[in-house]
Amino acid sequence: MTWRSHGTGRFVPADLGALGERCVIEEGVLVFNAGHVFIGDDVYLGHRAMLKGDTRGELRIESGAWIGQDCYFHSAGGIRVGERAGIGPRVMVLTSTHAETPAPAPVLDSELEFAPVEIGAGCDVGIGAIVLPGARIGAGAQIGAGAVVSGDIPAGAVAAGVPAKVLRMRGERA
């Protein structure tokens, strides 16, 4: 296999697929394949966030969303972050994985499988959480720090753990 560079990630706002009004893009934010990254109004992008747009899937961050420092989004399968969602520092959102292949073949040689990720409006994803391909987090859900999310989390749920499990619904006593 011959490796190639993905570039520097440096961009100018005009490179983006869309950039809304009144956005804050902090120092060190990197955007790859910027034409496939769409950002709504009033979005905050924290220091050193890395947004990897991809020709196979769009990255859409809706209006009012807050993306913390050192986040990593890889959108080959497509990512949508809903309005007013908060994504804590160092959250990773992934949309691809290697298919399982029999040993002794290197995993790197296996096909990639893609699945979209949806983070609903008004969600909060805690610091260091990992959101895996195909995850859907319903509107207003709260995800605990360090959780690993796969599958569906219902709207309004509080979920945490590895793997993330629903603990209760917001507003219910623990």
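The values are calculated or read from the model by the stated rules, or taken from the named source; none is laboratory data. What you see is a predicted model; the values in this text were computed from it and never measured. Every residue, glycine among them, receives a Cβ derived from its backbone with ideal geometry; neighbour counts consider all protein chains shown. The protein model used for the area step is the full one, side chains on, heavy atoms only, and it has no ligands, DNA or RNA in it. Shrake-Rupley method; radii C 1.70, N 1.55, O 1.52, S 1.80 Å.
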Restricting to the range 109-133, count the residues that are open to solvent by less than 30 Å² (accessible area, probe 1.4 Å) and in contact with a strand residue (DSSP E or B) (Cβ under 7 Å, 6 or more places away or on another chain). 9
Candidates GLY68, GLY53 - the one that is touching a residue at least 40 places away in the same chain (Cβ under 8 Å) and either among the basic types (Lys, Arg) or touching a strand residue (DSSP E or B) at 6+ places or on another chain (Cβ under 8 Å) (or both): GLY68
Name the residue that is surrounded by the most Cβ atoms within 10 Å (Cβ to Cβ), counting only residues in the range 22-66 that are of a type in the set (Asp, Glu) and more than 14 Å from GLU83 (Cα to Cα). ASP54
Select from the range 80-97 the residues that are open to solvent by 70 Å² or more (accessible area, probe 1.4 Å) and farther than 13 Å from VAL125 by Cβ and write down the one among them that is farthest from the chain's Cα centre (by Cα). GLU83
Among the numbered criteria (1) out of contact with any helix residue (DSSP H, G or I) (no Cβ under 8 Å at 6 or more places or on another chain); (2) farther than 20 Å from ARG136 by Cβ, which single criterion is violated by ILE61? (2)
Over the range 67-79, the set of residues buried (at least 20 other Cβ atoms within 10 Å of the Cβ) and not small (Gly, Ala, Ser) is ILE67, CYS71, PHE73, HIS74, ILE79
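Yes/no matrix, rows are residues, columns are (1) within 30 Å of GLY156 (Cβ to Cβ); (2) touching an Asp or Glu at 6+ places or on another chain (Cβ under 7 Å); (3) at pLDDT 95 or above:
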site: HIS6; (1), (2), (3): no, no, no
site: GLY20; (1), (2), (3): yes, yes, yes
site: LEU30; (1), (2), (3): no, no, yes
site: LEU51; (1), (2), (3): yes, no, yes
Every residue from the range 142-174 that is out of contact with any Gly (no Cβ under 9 Å at 6 or more places or on another chain) and either in a strand (DSSP E or B) or surrounded by 15 or more Cβ atoms within 10 Å (Cβ to Cβ) (or both): VAL149, LYS165, VAL166, ARG168
Which of the residues belonging to the range 36-55 are of a type in the set (A, V, I, L, M, F, W, C) and under 16 Å from GLY78 (Cβ atoms)? VAL37, PHE38, ILE39, LEU51
The range 121-141, residues that are among the β-branched types (Val, Ile, Thr) and assigned to a loop (DSSP other than H, G, I, E, B): ILE127
